[in-house]
Each structure stands twice: as C-alpha cells, then as structure tokens.
Amino acid sequence: MAAENGYVVGVVGATGAVGSTILEVLAERDFPAREVVPFASERSEGKKVDFNGSKLECRPLTPESIQGLDIALASAGGKISAEWAPKLVDAGAVVVDNTSYWRMHDDVPLVVAGVNDDAAEGHNGIVANPNCTTMQMMVALKPLHDAAELERLVVSTYQSVSGTGREAIKELKAQSAAILDGKEAEAEVFPHQVAFNVLPQVEQFTEGDDYTTEERKVMKETRKILGLSEDVGISATCVRVPVVTGHSESVNVQTKRDLSPEDARDLLSNTPGIVVLDDPGAGVYPLPIAVEGRDEVLVGRIRRDPSHERCLNLWVVGDNLRKGAATNAVQVAELLHERDLVQVPARA
Ligand SMILES: NC(=O)c1ccc[n+]([C@@H]2O[C@H](COP(=O)([O-])OP(=O)(O)OC[C@H]3O[C@@H](n4cnc5c(N)ncnc54)[C@H](OP(=O)(O)O)[C@@H]3O)[C@@H](O)[C@H]2O)c1
C-alpha cells in the first residue's frame, strides 16, 4: 500500500472523453497520487495529455507497461477492460472500471459513491462504475427509496452525444455545420443523423430483444445498485438527443409508502450531491447546459403523477462525463483509499 507517499495511478483511455475528464478530476480533487500514468491505444503512443499543468506521455497497454500501478481507472471500452482488467489486477493494481464489461459480474461491486459505498468492501480487485444514465438516476432515487421504498420505475432518457465518446461529439458538430451550410449530413457513429433530430436508439438492439443494450443496462444496474427484488418493475426507454454533454431523464417513481412531492423535494434538497431546481413557473428547472462541468445531479419538476396516488414525476439532469463517469470513478478511488481498500486480495 502506497498511501503514505501517494499512489501510482494509471488512467486507461486517457485521450478519450471520459479519460481526459478523469485526469482533470484527479487534479481538481487533489487525489493522493505520487505519479499518474496515462494509457491509450498504440495509435497514441507518445502522445501528450494534460495533467495538472504538465504534459504526460501516453503508453500502450503491455505486460511491462502496467507494472508498478497501485490503482487503475479504466475507460477504454468493454473489450479492453475484459482483457486488461484481470492483467492489471494480477500486476497488483485495483481497477475502477468505467466500461460495461464487469458491471453485472456477481463478484464485482457496482458502486455509486454516496449511494452504496459499502458495496466496495470485499472487492476482488475490480470495482465497476455504473453506466452514466443509471448513475445520475441512482443519486436521485436513493433518498426516495430509503424513505418510501420503490415499487415501480419508468424512465425515459434524453442522452447527449458525448455519452458515446469523442467521435460522437465531432459527428454532431460536423453534421450541424453541414446542415446549416445546406450540405448533406454524414452519419458514421450513430445509425441516423443526430443533428436536429431525436433517435429512439441508444446503443444496439441484440437479436430477439426489442430493448437496446443501454436500456437493459439501466434496468439491470438499477436493480443491482439498489438491491431491488424482481418484484420491483423497471422500464427504460433511452433516447439520443443533439446535446453535447448532459443527460436528462424523465423519471416516474411509484413507491410502496406515500411520499408527497413536498417531502420528496425536502429529502432531495438535503442529500449531498443533489441540487433541487424546482420553480417551473419562473422557468427554474434542470437543463443540460447548466449541468455541464458540475458534479451535482440536478433535480426538478417534482410533482404528483395524477394517474397514481403513490407516484411522482421527476426531471433529473447530470453531466455524463463527470458524476456519470469520471467524478464517480475518482470518488470510488477516494473511497478505496479512505477505507484502506487499495489492495488486491491474495489469490487462493
Ligand atoms: N462517454 C461517457 O459519458 C461514458 C460514461 C460512462 C462510461 N463510459 C464508458 O467509458 C468507455 C470510454 O468511453 P469514452 O466516451 O471516453 O470513449 P472515447 O472518447 O472514444 O475514448 C476511448 C479511449 O479508449 C482508448 N483506447 C482505444 N483502444 C485502446 C487500446 N487498445 N488500448 C488502450 N486504450 C485504448 C482510446 O485511445 P486512442 O486515443 O489511442 O484511440 C481513448 O483514449 C466506454 O466503455 C464507455 O462505455 C462512457
């Protein structure tokens, strides 16, 4: 354990949308790092990334380059984490993984800092960070679940393009410029033009399933994080909108016990990590352009669902690159540090 002098921290996917935000957040929060080592693909070998005012050189992942790390924050995609997370653990690093690959493994805790911190205890070397869409919803739902117990959940999302990574941001900008210039918009990252459009598909449809992989993640991860039984109904519709950063969600929450909008507003206002913006008549409600760069989840439009006496509607907005990914990963690393959990358990 290297806490006395700080940890050697690997950032895997350091040139990407999430990885570059992790580097910013590590510096902002003054994470106890003695050294930060950025990793990217072979294409980026030698490329420099910014960290806390200095330039760090990216390395490719090799059996040699991953030696000596205490902790690795990984966001280079599911295939990379499937292969490299176990190798990083074998080399002695605890991995906080942002990809979807390890999230639903039984022996991998899925942790939203401030929501289910205790789940990190007893990790086997890998701790997973939930999907960005799930993450912000968990922050908003946890206090309501604790107070009145969830019975049913229906969520519709309005997700920004940065959730798909840096190429998707470029695509939205290029399409917008092309269309405003009277030209044809080319779609490569998304299945259709996303600029000036709304796509009722986030990620893929797998054979025989009429829900997308993103919708399945939201439903399964919510259950795992909040420890909900199969009796609690969860339904998700995930939609891509032409917003650069910040996911919005319309969340319909049915609880077992009565919970008034006023009580929900009080509970949410008193929860760290949440800012309630709820004066709709005055135009005060959460907006993605207002959440960009912030770590709090914004909640507003808190109101009774007139079709059910134990049901509320909420509008939940979060920065998918910050609390939805990078900030939570760094908060999990802080949690591991505080609880003396930055160590890979000995193998039997
Ligand atoms: N974007 C979000 O809001 C968000 C939120 C939560 C979780 N995630 C998850 O985080 C992961 C990354 O997302 P992103 O949005 O940051 O994607 P991105 O912008 O496309 O970045 C991908 C990163 O992975 C690196 N990479 C690719 N192949 C690699 C390899 N063989 N070895 C090492 N590094 C490699 C890339 O390096 P090069 O520059 O060398 O190509 C780049 O740094 C995904 O699994 C995603 O599902 C994303």
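Points to keep in mind about this one:
- 1 or more residues among the basic types (Lys, Arg): qualifying strands (runs of 3 or more DSSP E) within the stretch 23-130: 33-39, 48-51, 54-57
- Any hit, the stretch 77-89, residues being closer than 13 Å to LYS224 by Cα and without any contact (Cβ under 8 Å) to a residue 60 or more places away in the chain: no
- Residue within the stretch 45-52 that is in contact (Cβ under 8 Å) with a residue 24 or more places away in the chain, surrounded by 13 or more Cβ atoms within 10 Å (Cβ to Cβ) and within 13 Å of the ligand (Cβ to nearest atom) present: yes
- Any hit, the stretch 166-185, residues being away from the ligand (no atom under 13 Å from the Cβ), more than 18 Å from the chain's Cα centre (by Cα) and closer than 20 Å to ARG103 by Cα: no
- Considering the stretch 29-44, the residues that are surrounded by 13 or more Cβ atoms within 10 Å (Cβ to Cβ) and within 16 Å of VAL332 (Cα to Cα) include one that is farthest from the ligand (Cβ to nearest atom), namely PRO32.
- VAL232 vs. criteria touching a strand residue (DSSP E or B) at 6+ places or on another chain (Cβ under 7 Å) and either at positive phi or surrounded by fewer than 19 Cβ atoms within 10 Å (Cβ to Cβ) (or both): yes
- Matching residues, the stretch 134-165, being under 13 Å from the mean Cα position of the chain (by Cα), assigned to a helix (DSSP H, G or I) and more than 20 Å from VAL276 (Cβ to Cβ): THR134, SER162, GLY163, THR164
- Filter pass, ARG59 being within 7 Å of the ligand (Cβ to nearest atom) and farther than 30 Å from GLU296 by Cβ: no
- Residue identified as loosely packed, with under 15 Cβ neighbours inside 10 Å and outside any loop (DSSP other than H, G, I, E, B) among LYS224, LYS183, LYS170: LYS170
- Filtering SER156, SER162 for residues that are away from the ligand (no atom under 16 Å from the Cβ) and out of contact with any His (no Cβ under 7 Å at 6 or more places or on another chain) leaves a single hit, SER156.
- Listed by first and then second residue, the pairs with beta-carbon distance under 7 Å, at least 6 apart or on different chains, first residue in the stretch 172-190 and among the acidic types (Asp, Glu), second not in a loop (DSSP other than H, G, I, E, B), are GLU184/ALA178; GLU188/GLU171.
Read-outs throughout are calculated quantities, based only on the coordinates presented, and are distinct from any laboratory measurement. These numbers come from a predicted model, not from an experiment. A quick note on method: Cβ atoms are made from the backbone with ideal geometry, for glycine too, and the neighbour counts reach across all protein chains shown.
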